[in-house]
Amino acid sequence: MLDIPVIGRDREDAASIVEKLRGRTIAATFIRRHHAGSADEHIGRYRLLADRGVKTVFVSLPDLSGPEDVLRLAPVAAAFT
């Protein structure tokens, strides 16, 4: 599965990222498409997917601009190691 999630430090940070990225797309639509939220929310979503049989998720952050951005994935990766 390919996922392009917006992962923020918290919901407010995720909302800020959405505002930077959404362009002319309605915020609520962009949030749904990218499952915008915190790492904990993504962990919960990935656990649900695992329960439904998903074995692998390829993740591409839509706002990746440097190495520090990859660190937002650390809690998600740690939850599945």
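The values are calculated or read from the model by the stated rules, or taken from the named source; none is laboratory data. Keep in mind it's a predicted model, so treat the numbers as computed, not measured. As a convention, Cβ positions derive from the backbone with ideal geometry for all residues, glycine included, and neighbour counts pool all protein chains shown. All accessible areas refer to the heavy atoms of the entire protein, side chains included, with ligands and DNA or RNA removed. Shrake-Rupley method; radii C 1.70, N 1.55, O 1.52, S 1.80 Å.
Descriptive notes on the structure:
- Qualifying position, being among the basic types (Lys, Arg), modelled with pLDDT of 95 or more and in a loop (DSSP other than H, G, I, E, B), among Arg24, Arg47: Arg24
- For beta carbons closer than 7 Å, sequence separation of 6+ or different chains, a first residue in segment 56-81 that is among the polar types (S, T, N, Q) and a second that is part of a loop (DSSP other than H, G, I, E, B), the qualifying pairs are Thr56/Met1; Ser60/Ile4.
- Scanning segment 45-55 for residues that are more than 15 Å from the chain's Cα centre (by Cα) and either of a type in the set (S, T, N, Q) or open to solvent by 60 Å² or more (accessible area, probe 1.4 Å) (or both) yields Asp51, Arg52, Lys55.
- Of all residues in segment 53-81, those that are part of a helix (DSSP H, G or I) and touching a His at 6+ places or on another chain (Cβ under 7 Å) total 1.
- For segment 18-44, a tally of residues being within 13 Å of Val76 (Cα to Cα) and open to solvent by 30 Å² or more (accessible area, probe 1.4 Å) returns 3.
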